[in-house]
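Engineer: What follows is a structure written as structure tokens; I'll ask about it next.
The values are calculated or read from the model by the stated rules, or taken from the named source; none is laboratory data. Being a predicted model, the structure only gives us computed values, none of them experimental. Note that we place each Cβ from the backbone using ideal geometry, even for glycine, and neighbour counts take in every protein chain shown. These area figures cover heavy atoms from the full protein model, side chains too; ligands, DNA and RNA do not enter into them. Shrake-Rupley method; radii C 1.70, N 1.55, O 1.52, S 1.80 Å.
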Amino acid sequence: MKVNFSKVNKSFISSFTRKKVHAVIDLDLSIQTGEIFGIIGPNGAGKSTLLKMLLGFIRQGSGSISIEGKSPIEPETRINMGYLPENPYYYDHLSAEDLMKFSAKTAGMKKEDIQPSINHLLELMNLEHARKRHLRTYSKGMTQRAGICFALVHDPDLIIFDEPMSGLDPLGRKLVVDLVLDLKQKGKTIIFCSHILDDIERLCDRMAIMDKGRLKKTLNREQLLEGKNKFVTEDGEKGNNWLEQIFIDTVDSGVRE
Amino acid sequence: MNRIFALSWLTFKEGIRDRALMGICIIALVMLFATIVFTGVFGYDLGKVLVDLNLSTIAFAGLLLTFFVNINLMAKDIDKRTIYCVLSKPLSRTEYILGKYLGLILLVCIALFFLLVFSSGIIAIVKSMYSEIFFKNFSWYCFFQAYFYQMLMFFILNAVVIFFSSVSTSSFLVLLFTIATYITGQTIEEVMVFFKKEALGQNTSAVNHWVIDIAQYIFPNFSAFDIKTLASHGKFLPLEHTTALVGYSLIYTILLLFFASMIFNKREIT
Amino acid sequence: MMAKSIKVYTLLLACVLIYIFAFFQLKEERQRFLELNFMDFTLPSQFTGPVSLEFKGITADFLLFKFMAFLGGRVQDLKEEYPRYPDYTYQSLDAITDLDPYYWDAYLFSEMFLAWSGNPKEANKILEKARLHLSNDYRPSYYIGFNNHYFLKDFKTASKYLMEASKLPGCPYYIAALAARLSVYSFQHRDGILFLKEMLKNTNDKRARKEFELRIATLEFLEMLEKKVTEYHADFGKYPEVLEDLVKVKLIDKIPEDPYKGKFVLMSNGRVYTTSKMLPY
């Protein structure tokens, strides 16, 4: 699914200080179908705001957003979208299975397809043993994985992950990495935000760096690999922290508002 | 449509497993069993006291349910960010409002129906303990009619909860305003009558009159749904009355949900 | 280790014993306190009405229960100990019948504890509400009529109400007769007896039943004595001076004891009354 941001602006009026806070400024972005697109940036850069606009939680101040030609405000747009929020919090007294059934039903899945899909995902995410337990009893890692199941049960074409790896142990992370690559194979479009640069490096076709509401830099895979090879630190180590360096440079050199 | 019901079911499941609900039901059951003991103390018209105690327990349980469980179900959603997983699905804001409302209603209906069944059993037990003569005015029809009217009131009250939840995120404020609406709704008729009487005697300020007049249209007249006293004496209300009440309840609920969804559509979920 | 747990348990035991002692001590003190400081006021219905929201029914039930608890002792004792007793009774029953105008028990109590305790006017005020709301019940009109006749001696009004009562379903036969008879002043203890017997039939409350039975017994004594006085007059052509005269001529074995601890006295018109405060005239 093709996603397009065009001259998008969003400001909030901070109720505390009565000052206008520009969360997103003049954003232009285009994401192609089948891409894995990563967004990185310091805290408060506007990443979450961006995702929330994509999901119709908040409305952009100006500019336009389109998903396969449709506006995010239309509920229909979300039929084929899956969302994993940052720090997901789910209903205490429901089980992962309840939640997934809800996700599947509202996405309009056929009745016969629902149970197999649930079973498959629970197994994949290693939650089979806890499927009927209340979410309140889940550990952080389990909640995260349950959230991923929730986002994917209806086989969406556009998947939005906000910090998918947070709270996961190395096993969990491997699961997710494998999952993402598998989804890419199937031609899904994935947008994800993360603070973990390694993951971004490993998984993304393209990545963007945001700072103070602006899209500062966009890189694609070739540029990344190229740069890595050429990059040498003071100590003589090759390539490893290149992305981190770019990040620090980009963020620091930003134009102050 | 299916989506709305899916959300209702989700809301219902979350509510029914809430410990608070269990606590309310236990208290209500204890109170109902207590009526077996207490009825005998009250003199001659045992039927009246029996119906009073049972219907009041059910009403009270419904109020606790609405104020403490249902408001929680609404306010928790935004407070605890559980609303993200719901709104990330292809549900419009209006469908969200309707889905939540139906979920709340389902919860109230099931819980109070459960209490009704118990209550009926208890009434049957107490009636068998004493001679018929003490239940001269008792009528099952009146008892069920009073229960039905009570449910109509809860349909409106829960719509009030939804309405205030769409305006404010703080569960405390929603609780405060809902309770205030409830109390106003119960007393507005009496105040109107009082003012009419006073107006005949003295010159009440025109502003007062005007305020009260407007208030009676804005606030729901909950006292119209309270026929417990009549029911306990075996007096029932005719069909026209019931029809009018059902109509009023329906329209008022629809209006509240309409405004709630209008307001909620404009809200930003940050 | 053992010593420590023994110490703990001993302490616990000591606390429990002190608690039991304190509990009974407090109970006694509270009893004394409550007897001295009985709250003899009720909130008027203009207040309790709106405050009880949709729970007016059980509020009425509860207030009546409170009232019955207050009546724990005999009415006579209460009247002496609590000079505000009539006010409290009236206010209480008035509030209750405002909350639930169909509450028959409250109206019954109004008749019993207001009319029959010297406040028939107040009783009538409350019973008017019953007459309005229980329009198909003969009892309110009957009671009001009876009060006017028996206590207030207003026979014209009494007749009007009794006539009304006699037309309603379930009304005993003699009420119509009484209404008719009231055009001629004729005061009889029998009216009181019949009235009380009717109330006795419809009462479940033990205290009330005892009250009724006592009154009925007293009235029957009075009625019996009056009959004997009439017999004396028939035999001797004049009325006896004192009741002891009846004993002298062996019309009765002895003067019966007044259940209300008063004395039976013979009046100059041949009527027998009691010095006790059972009848408020």
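Engineer: Please compute the average number of Cβ atoms from other chains found within 10 Å of each residue's Cβ in peptide B:229-237.
Structural biologist: 4
Engineer: Ranked highest first by the average count of other Cβ atoms within 10 Å around their residues, in what order do B:256-268, B:175-187 fall?
Structural biologist: Most protected by this proxy first, the peptides run B:175-187, B:256-268.
Engineer: I need the helices of chain A that pass two filters: whole DSSP H segments spanning 20 Å or more by Cα along the axis, and mean Kyte-Doolittle score no lower than -0.5.
Structural biologist: Flagged H segments are A:111-124, A:170-185.
Engineer: Within 10 Å of each Cβ of A:148-157, how many other protein chain Cβ atoms are there on average?
Structural biologist: 1
Engineer: How big is the charge dipole of the protein assembly as shown about its Cα centre, in debye rounded to the nearest 20, if each Lys and Arg gets +1 on its Cβ and each Asp and Glu gets -1 on its Cβ?
Structural biologist: 140
Engineer: Rounded to the nearest Å, what's the spacing between the alpha carbon centres of segment C:129-153 and segment A:125-178? Just the number, please.
Structural biologist: One Cα centre to the other: 78 Å.
Engineer: In Å² (nearest 100), what accessible area is buried between A and B, both sides summed, heavy protein atoms only, 1.4 Å probe?
Structural biologist: 2900
Engineer: State which helices in chain C qualify, where a helix is a whole DSSP H run, it must extend 15 Å or more along its own axis by its Cα atoms, and its mean Kyte-Doolittle hydropathy must be at least 0.0.
Structural biologist: C:2-36, C:56-70
Engineer: While we're looking at this one, here's another question. Dipole of chain A (Lys/Arg Cβ +1, Asp/Glu Cβ -1, origin at the Cα centre): which of A:LEU121, A:ILE13, A:VAL24 lies farthest to the positive side?
Structural biologist: Comparing the listed Cα positions along the dipole, A:ILE13 ranks first.
Engineer: Given the rule -39500 (n - 2.57) for each run of at least 4 DSSP H residues, summed and divided by the residues of the protein assembly as shown, what is its mean residue ellipticity at 222 nm, to the nearest 500 deg cm²/dmol?
Structural biologist: Helix contribution divided over all residues of the protein assembly as shown: -19500 deg cm²/dmol.
Engineer: Within 10 Å of each Cβ of B:55-67, how many other protein chain Cβ atoms are there on average?
Structural biologist: Per residue, the number of nearby Cβ atoms from other chains is 2 on average.
Engineer: Mind checking which of B:MET129, C:ASN202, A:SER64 is farthest towards the positive end of the protein assembly as shown's charge dipole, using Cβ charges of +1 (Lys, Arg) and -1 (Asp, Glu) about the Cα centre?
Structural biologist: Most positive-ward Cα: A:SER64.
Engineer: Just how large is the dipole of segment A:29-83 about the Cα centre, in debye to the nearest 20, putting +1 at every Lys and Arg Cβ and -1 at every Asp and Glu Cβ?
Structural biologist: The dipole of segment A:29-83 has a size of about 200 debye.
Engineer: Follow-up. With the dipole of segment B:18-85 worked out from charges on the C-beta (+1 for Lys and Arg, -1 for Asp and Glu) around the Cα centre, which of B:ILE71, B:TYR84, B:MET31 lies farthest toward the positive end?
Structural biologist: Looking along the dipole axis, the top candidate is B:TYR84.
Engineer: For the residue pair A:ASP182 and C:GLU213, what label-to-label distance in nm results when each label sits 7 Å from Cα along the Cα-to-beta-carbon direction?
Structural biologist: Modelled inter-label distance: 8.7 nm.
Engineer: By how many nm would the segment from B:ILE110 to B:TYR130 grow when fully extended, if each residue of separation counts as 0.36 nm and the alpha-carbon distance is taken off?
Structural biologist: Stretched fully, the B:ILE110-B:TYR130 segment lengthens by 4.1 nm.
Engineer: Can I ask one more? Hey, what's the protein assembly as shown come to in accessible area per residue, 1.4 Å probe, Å²?
Structural biologist: 48
Engineer: I would also like to ask the following. Note down the net charge around B:LEU107, summing +1 for each Lys or Arg and -1 for each Asp or Glu among other residues with Cβ under 10 Å from its Cβ.
Structural biologist: Overall, the nearby charge balance is -1.
Engineer: In what sequence, highest mean first, do C:107-114, B:56-63, C:188-195 appear when ranked by Cβ atoms within 10 angstrom?
Structural biologist: Answer by packing, highest mean first, reads C:107-114, B:56-63, C:188-195.
Engineer: Then there's this: Which loop-located trypsin sites (Lys or Arg not before Pro) does segment B:148-249 contain, where loop means any DSSP state but H, G, I, E or B and the Cβ has at most 16 other Cβ atoms within 10 Å?
Structural biologist: Of the trypsin sites (Lys or Arg not before Pro), the ones in loops of segment B:148-249 whose Cβ has at most 16 other Cβ atoms within 10 Å are B:LYS235.
Engineer: Shifting gears a bit: Do any residues of segment B:1-41 show a loss of at least 40 square angstrom of accessible area between the isolated chain and the full protein assembly, using a 1.4 Å probe, and if so which?
Structural biologist: Hits at the 40 Å² cut-off: B:ARG3, B:ALA6, B:LEU10, B:LYS13, B:GLU14, B:ARG17, B:VAL41.
Engineer: Right, next: I need the shape label for segment B:55-202. Rule: rounded when a/c is under 1.5, else prolate if a/b > b/c, else oblate, with a, b, c from the alpha carbon gyration tensor.
Structural biologist: It is oblate, given that a/c is not under 1.5 and a/b is not larger than b/c.
Engineer: If ligands, DNA and RNA are left out, what is the accessible area of C:SER117 with a 1.4 Å probe, given in Å² to the nearest 10?
Structural biologist: 10
Engineer: Please state the shape class of chain B: rounded when a/c is under 1.5, otherwise prolate if a/b exceeds b/c and oblate if not, all from the C-alpha gyration tensor.
Structural biologist: It is oblate, given that a/c is not under 1.5 and a/b is not larger than b/c.
Engineer: Right, another one. Using a 1.4 Å probe on the protein heavy atoms only, what accessible surface does A:TYR89 show? Give it in Å² to the nearest 10.
Structural biologist: 90
Engineer: What number comes out for the charge environment of A:LYS186, summing +1 per Lys or Arg and -1 per Asp or Glu over other residues with Cβ under 10 Å away?
Structural biologist: -1
Engineer: How big is the charge dipole of chain A about its Cα centre, in debye rounded to the nearest 20, if each Lys and Arg gets +1 on its Cβ and each Asp and Glu gets -1 on its Cβ?
Structural biologist: 860
Engineer: So, one more: Could you tell me the distance between the Cα centroids of segment B:1-52 and segment B:212-270, to the nearest Å?
Structural biologist: Each part's Cα centre sits 21 Å from the other's.
Engineer: Now for a different question. Students sometimes get this wrong: rank C:TYR138, B:TYR248 by accessible area, probe 1.4 Å, all chains present, largest first.
Structural biologist: Heavy-atom accessible area, descending, gives B:TYR248, C:TYR138.
Engineer: Please return the longest stretch of chain A lacking exposed loop sites, where trypsin sites (Lys or Arg not before Pro) count only if DSSP places them in a loop and at most 16 other Cβ atoms lie within 10 Å.
Structural biologist: A:187-255
Engineer: So which GluC sites (Glu not before Pro) in segment A:133-237 are both in a DSSP loop and have at most 10 other Cβ atoms within 10 Å of their Cβ?
Structural biologist: Sparse-neighbourhood loop GluC sites (Glu not before Pro): A:GLU234, A:GLU237.
Engineer: Of B:ILE24, B:ILE83, B:ILE133, which is the most mobile in a GNM of chain B whose springs link Cα atoms less than 10 angstrom apart?
Structural biologist: In this elastic network of chain B, the residue with the biggest mean-square fluctuation among B:ILE24, B:ILE83, B:ILE133 is B:ILE133.
Engineer: With a 1.4 Å probe and every protein chain kept in, tell me what percent of the accessible surface of chain B is carbon plus sulfur.
Structural biologist: On chain B, the fraction of accessible area on carbon and sulfur atoms equals 73 percent.
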